[in-house]
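Chemist: Below you'll find the structure I mean.
The values are calculated or read from the model by the stated rules, or taken from the named source; none is laboratory data. These numbers come from a predicted model, not from an experiment. Here the Cβ is made from the backbone with ideal geometry for all residues, glycine too, and neighbour counts use every protein chain on show. What goes into the accessible areas is simple: the full protein's heavy atoms, side chains included, and nothing from ligands, DNA or RNA. Shrake-Rupley method; radii C 1.70, N 1.55, O 1.52, S 1.80 Å.
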Amino acid sequence: IYSCCYLSRRLNQLSSHDPLWKRHCKKYWLISEEEKSQRNQTWKALFISTYSDLGRYIRHYATLKKAWDDLEKYLGQRCPRMIGSLKESVREEDLDAVEAQIGCKLPDDYRCSFRIHNGQKLVVPGLMGSMALSNHYRSEDLLDIDTAAGGFQQRPGLKQCLPLTFCIHTGLSQYMALESVEGRNKYEIFYQCPDQMARNPSAIDMFITGTSYLEWFTSYVNKVVTGGYPIIRDQIFRYVHDKECVATTGDITVSVSTSFLPELSSVHPPHYFFTYRIRIEMSKDALPEKACQLDSRYWRITNAKGDVEEVQGPGVVGEFPIISPGRVYEYTSCTTFSTTSGYMEGYYTFHCLYYKDKFFNVTIPRFHMVCPTFKVSTARMEPNDSEYAVDEEEDSTDTDEYEDRRRVLDIPAPSGRCPRHT
């Protein structure tokens with residue numbers, strides 16, 4: 001008995017040792033010394049009070065809180081007006097009310113994120129990234145919980161799917177499956193893609209963007225805060241740059257970043273739409289007489305089957321830019337493939353301004369474009385659907401007629417939409 005009493009007293013002493021609780025407060029709740037001072041509580045009291053409110057999220061909270069903190073810090077420095085669109089946190093009872101409204105349980109990682117920030121207002125630019133071409137613009141907002149609940153789907157093809165994002169220009173959303181129905185995995189996140197070749201209107205294919213809310217949100221934030229996406233005119237542009245996709249010819253460097261556009265793509269028929277952003281820069285150390293002007297472009301476009309198309313034409317985006325020491329020229333264009341992947345490469349032809357009869361080629365590095373993982377609708381496998389043959393002929397095009405020059409920090413937001421098939 002004496003031993004047990006001694007053990008209990010010792011455990012009680014250990015459990016009241018404040019430095020032990022400090023480690024847990026920092027590990028699970030990211031509570032700083034400054035916050036502790038402001039709240040004027042012991043570390044143990046802080047842990048207990050926080051746990052009583054957020055205990056169910058102890059596995060997710062630190063990861064999501066850090067992601068939100070990193071994102072806010074980054075946006076505060078580079079996209080300050082976007083900070084004002086973020087909403088304050090919601091209460092547990094608000095999330096419980098939404099579950100009762102839609103008749104489905106929300107995953108804990110999703111709930112946890114909304115205990116930190118309740119998405120954002122429906123504004124432009126959207127927190128989840130923008131995309132701009134000459135006649136197409138997309139900017140996705142992270143929906144607040146009430147707006148998301150209002151868009152909860154029960155119709156065939158999207159049963160028990162909750163929208164996470166929304167673009168007011170295109171109507172595009174990313175959805176999260178709250179149950180494993182219609183061929184989806186529970187909590188899978190995707191862009192819907194109507195099957196245009198199926199007679200059943202509920203035949204909806206999916207471009208997969210995440211396997212859980214935690215993975216989807218934190219991977220996006222990491223891409224943003226590490227500079228993986230460019231910040232242009234106070235917006236996050238979702239272009240991915242491969243660091244190896246750079247070529248230098250003399251004093252001129254060409255680099256390329258790419259992006260897949262689900263809203264202009266389809267699985268049936270196979271039509272995968274990509275944009276690419278090209279940066280042409282002359283070294284600031286180049287001699288003044290190295291100034292030159294772009295005359296023409298040459299593209300070699302190869303699809304996943306090895307079919308090759310060659311395209312040649314004057315200028316880019318209808319312009320003939322002049323490149324001089326330290327100057328940067330950027331523009332955006334697009335291409336389509338009937339295969340799920342492909343690549344482009346080529347060169348620009350320039351002439352020297354000081355020696356007008358001197359021409360030279362500048363290499364455009366090979367850059368690959370790959371469609372995200374997709375799932376075919378389970379509603380597609382109907383008797384009459386087999387009548388429709390899928391045409392896999394190459395239809396890649398260098399769509400310079402849709403190119404649009406984009407100056408750094410001077411990119412207007414165009415309106416309208418690109419043609420669905422070009």
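Chemist: If I ask for residues that are assigned to a helix (DSSP H, G or I) and not charged (D, E, K, R), which ones from region 81-114 would you list?
Modeler: 82, 83, 95, 97, 98, 100, 101, 102, 110, 112, 113, 114, listed by residue number.
Chemist: Being under 20 Å from residue 245 (Cα atoms) and surrounded by fewer than 18 Cβ atoms within 10 Å (Cβ to Cβ): is that true of residue 296 here?
Modeler: The answer is no for residue 296.
Chemist: Against the condition touching a residue at least 40 places away in the same chain (Cβ under 8 Å), buried (at least 23 other Cβ atoms within 10 Å of the Cβ) and not in a helix (DSSP H, G or I), how does residue 184 come out, does it pass?
Modeler: For residue 184, the condition - touching a residue at least 40 places away in the same chain (Cβ under 8 Å), buried (at least 23 other Cβ atoms within 10 Å of the Cβ) and not in a helix (DSSP H, G or I) - is met.
Chemist: Another question, if that's okay. Restricting to region 225-242, and then to whatever is within 19 Å of residue 368 (Cα to Cα) and of a type in the set (Ser, Thr, Tyr), can you tell me which residue is least open to solvent (accessible area, probe 1.4 Å)? Let's see the steps before the verdict.
Modeler: Step one: list which residues in region 225-242 are within 19 Å of residue 368 (Cα to Cα), which gives 228-230, 237-242.
Filter once more, so that each one left must be of a type in the set (Ser, Thr, Tyr): 229, 239.
Details: 229: 32, 239: 1 Å².
Checking each candidate, the answer is 239.
Chemist: What is the number of the single condition among (1) under 24 Å from residue 187 (Cα atoms); (2) in a loop (DSSP other than H, G, I, E, B); (3) not assigned by the TED database to the domain that holds residue 212; (4) not β-branched (Val, Ile, Thr) that residue 28 does not meet?
Modeler: (2)
Chemist: Mind listing whichever residues of region 38-71 are β-branched (Val, Ile, Thr) and assigned to a helix (DSSP H, G or I)?
Modeler: 48, 50, 63
Chemist: Next up: Scan region 122-129 and give yes if some residue there is within 30 Å of residue 23 (Cα to Cα), within 20 Å of the chain's Cα centre (by Cα) and open to solvent by less than 60 Å² (accessible area, probe 1.4 Å), otherwise no.
Modeler: First pass over region 122-129, keeping only residues within 30 Å of residue 23 (Cα to Cα): none.
Looking through region 122-129, none of the residues is within 30 Å of residue 23 (Cα to Cα), within 20 Å of the chain's Cα centre (by Cα) and open to solvent by less than 60 Å² (accessible area, probe 1.4 Å).
Chemist: Pairs under 7 Å by beta carbon, first residue farther than 12 Å from residue 293 by Cβ and touching a residue at least 24 places away in the same chain (Cβ under 8 Å) in region 316-329, partner in a strand (DSSP E or B) and open to solvent by less than 30 Å² (accessible area, probe 1.4 Å), six or more apart or different chains?
Modeler: Pairs found: 317/331; 325/282; 326/282.
Chemist: Are any residues in region 153-172 within 17 Å of residue 104 (Cβ to Cβ), assigned to a loop (DSSP other than H, G, I, E, B) and open to solvent by 10 Å² or more (accessible area, probe 1.4 Å), and if so, which ones?
Modeler: Correct list: 154, 155, 156, 159, 160.
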